[in-house]
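Below is one structure, written out as structure tokens; comments come after it.
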Amino acid sequence: MATQQITIPDIGDFDAVEVIEILVAAGDEVAVDDSLVTLESDKATMEIPSPVAGKITNVAISIGDSVSEGTYIMDVEVSGDAAAPAEEKPAAPQEPAPAPQAPAPAQAPDSAQEPAPQPSAASPAAIAAASKPVNAQEMGASSHASPSVRAFARKLGVDLTTVAGTGPKGRIQQTDVEAAIKAVMSGQKAAPGGAVSGGMGIPPVPEVDFSKFGETTTEELGRIKKISGKFLHASWLNVPHVTQFDECDITEMDQFRKDQKAAAEKQGIKLTPLVFVMKAVVKALQDFPSFNASLSPDGQSIIKKHYYNIGIAVDTPNGLVVPVVKDVDKKGIYELSQDLMEISAKARDGKLGPADMAGGTFTISSLGGIGGTQFTPIVNAPEVAIMGLSKAKMQPVWNGSEFAPRLVMPFSVSYDHRAIDGAEGVRFTTTVGNYLSDLRQLIL
């Protein structure tokens, strides 16, 4: 029998990621790829799998610890054949990475990755920042908060040493910073969990004892819903949304898909309408580069991207996630279908890594397989636009001499009105519709 030290594998560009769940204990038997711990960054959750089969003999981390690539987390007793090659074992265990003690100098974040929400000139955040000057180098040095929260606080001029954290082990979250700003504006003390009872900020929803009216059940939101909810809320508050509704005739497109179905199935590929939409969207993004862009952190410039990575909203048992299909402009329909099948399976199995969800330039949310006529998707900031697909249906369409049955798909595009005006918005949706109605235009 041999004991192998398990360390955190390559988790991309993430550093000091918090441990939110430990899924095994000393004495537990694990198989290869069984999940050991769950980590949570500011963008995603990820489960770390076991590289070997065996019995857990020691767990060296606790919930709330921060870990990075190479951090020693536990020991597994494995049989000779199951042990990993000696050269893959770490030379010595590493101590869990300590939480950062001091923030780095304030700087503009990468707008394509995670820009901090920008307060308007008359917003409570901006007023609070102006009325309370703070040394950005010193503020929050002893506070327990992630780098992104520290950057958010620095931008708004909030001293983290005055903010009470409501996260695990007193960790300061973005909602705590927002609550502190509201409290300053209203002259009141922020309540735990970020609620402020009145004042000049956004008023809270009144608390109601629903049990007075009947039986109730309380269930905690899943991790994914908690994380996505935070970013959706931030996007809704910071992005001036406009939604353009349209519909297109996909009769010929769907017939072509059906004609190719048998050939695709022989290669193990499921050909769905979504891949054709992805290609049409990319062609339209090339025509209208403002849709394949992000605003700079100060909102004064637009960063146009010359790569086309499409995020696809996937419904999973644990909530909505948005994996990203890379280089859609460089791939054919079959290759895109294969990518979409693989990344959707990883999403449903909870196996998505940080790289699978990073780098998106535009997002598509498809509800057509479920139903509905139209909906207003929320922009996946820092992207500036998102498309929502609804259920296509046969309906009579006047062709100039008679009504003919045509398969019509309704869709919508929500966009950031700071980057895109209404005229450009409707030109974009019209162009997408034209490409889907006549796929031959995609090769022109």
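Below is a table of values for the structure above.
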quantity: Checking Glu247 against (1) part of a helix (DSSP H, G or I); (2) of a type outside the set (A, V, I, L, M, F, W, C); (3) touching a strand residue (DSSP E or B) at 6+ places or on another chain (Cβ under 7 Å), the condition it does not meet; calculated: (1)
quantity: When residues of the range 297-318 are limited to those that are closer than 17 Å to Tyr415 by Cα and of a type in the set (D, E, K, R), the one surrounded by the most Cβ atoms within 10 Å (Cβ to Cβ); calculated: Lys305
quantity: Val76 assigned to a loop (DSSP other than H, G, I, E, B) and at pLDDT 90 or above; calculated: no
quantity: Residue within the range 288-296 that is among the hydroxyl-bearing types (Ser, Thr, Tyr), over 20 Å from Ala347 (Cβ atoms), surrounded by fewer than 20 Cβ atoms within 10 Å (Cβ to Cβ) and without any contact (Cβ under 8 Å) to a residue 40 or more places away in the chain present; calculated: no
quantity: Filter result for Ile343 (hydrophobic (A, V, I, L, M, F, W, C), touching a Pro at 6+ places or on another chain (Cβ under 8 Å) and within 30 Å of Arg223 (Cα to Cα)); calculated: yes
quantity: Lone qualifier among Lys330, Lys351, Lys393 - being surrounded by fewer than 16 Cβ atoms within 10 Å (Cβ to Cβ) and under 15 Å from the mean Cα position of the chain (by Cα); calculated: Lys351
quantity: Condition met for Gly311 (under 30 Å from Leu156 (Cβ atoms) and outside any loop (DSSP other than H, G, I, E, B)); calculated: yes
quantity: Matching entry among Ile386, Ile443 (being buried (at least 18 other Cβ atoms within 10 Å of the Cβ) and hydrophobic (A, V, I, L, M, F, W, C)); calculated: Ile386
quantity: Residue check for Ile420: in contact (Cβ under 8 Å) with a residue 24 or more places away in the chain and under 21 Å from the mean Cα position of the chain (by Cα); calculated: no
quantity: Residue satisfying condition, being outside the structural domain of Phe14 (by TED's automatic domain parsing), in contact with a Cys (Cβ under 6 Å, 6 or more places away or on another chain) and either modelled with pLDDT of 95 or more or under 28 Å from Ile227 (Cα atoms) (or both), within set Ser390, Ser412, Ser437; calculated: Ser437
quantity: Pick from the range 265-278, criterion touching a Lys or Arg at 6+ places or on another chain (Cβ under 7 Å) and not in a loop (DSSP other than H, G, I, E, B), ranking: surrounded by the fewest Cβ atoms within 10 Å (Cβ to Cβ); calculated: Pro273
quantity: Residues satisfying the stated conditions in the range 278-305, i.e. of a type outside the set (A, V, I, L, M, F, W, C) and farther than 26 Å from Asp246 by Cβ; calculated: Ser296, Pro297, Asp298, Gly299, Gln300, Ser301
quantity: Pairs, first outside the structural domain of Thr45 (by TED's automatic domain parsing) and under 13 Å from Thr316 (Cβ atoms) in the range 216-227, second acidic (Asp, Glu) and surrounded by 14 or more Cβ atoms within 10 Å (Cβ to Cβ), C-beta under 6 Å, six or more apart; calculated: none
quantity: Members of the range 243-261 found to be buried (at least 17 other Cβ atoms within 10 Å of the Cβ) and either within 30 Å of Phe152 (Cα to Cα) or free of Cβ contacts under 8 Å to residues at least 24 places away in the same chain (or both), listed by number; calculated: Thr243, Arg257
quantity: Given (1) at pLDDT below 90; (2) out of contact with any helix residue (DSSP H, G or I) (no Cβ under 6 Å at 6 or more places or on another chain), index of the condition Thr316 fails; calculated: (2)
quantity: Residues being surrounded by 13 or more Cβ atoms within 10 Å (Cβ to Cβ) and out of contact with any Lys or Arg (no Cβ under 9 Å at 6 or more places or on another chain) - total across the range 212-235; calculated: 12
quantity: Failed criterion for Met357 (all others in (1) under 30 Å from Thr45 (Cα atoms); (2) surrounded by fewer than 19 Cβ atoms within 10 Å (Cβ to Cβ) hold); calculated: (2)
quantity: From Ala264, Ala234, residue being among the small types (Gly, Ala, Ser), farther than 19 Å from Ser294 by Cβ and touching a residue at least 40 places away in the same chain (Cβ under 8 Å); calculated: Ala264
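Residue-by-condition table, conditions (1) of a type in the set (A, V, I, L, M, F, W, C); (2) assigned to a loop (DSSP other than H, G, I, E, B); (3) out of contact with any Asp or Glu (no Cβ under 6 Å at 6 or more places or on another chain):
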residue	(1), (2), (3)
Asp329	no, no, yes
Ser337	no, no, yes
Met341	yes, no, yes
Lys346	no, no, yes
Asp356	no, no, yes
Gly359	no, yes, yes
Ile370	yes, yes, yes
Thr373	no, yes, yes
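Conditions (1) under 30 Å from Lys305 (Cα atoms); (2) at pLDDT 95 or above; (3) in the same structural domain as Ile364 (by TED's automatic domain parsing), marked per residue:
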| site | (1), (2), (3) |
| --- | --- |
| Phe245 | yes, yes, yes |
| Cys248 | yes, yes, yes |
| Glu252 | no, yes, yes |
| Gln255 | no, yes, yes |
| Lys261 | no, no, yes |
| Gly268 | no, no, yes |
| Val275 | yes, yes, yes |
| Val281 | yes, yes, yes |
| Ala284 | yes, yes, yes |
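The values are calculated or read from the model by the stated rules, or taken from the named source; none is laboratory data. From a predicted model like this one, the values you see are computed outputs, not experimental measurements. A quick note on method: Cβ atoms are made from the backbone with ideal geometry, for glycine too, and the neighbour counts reach across all protein chains shown.
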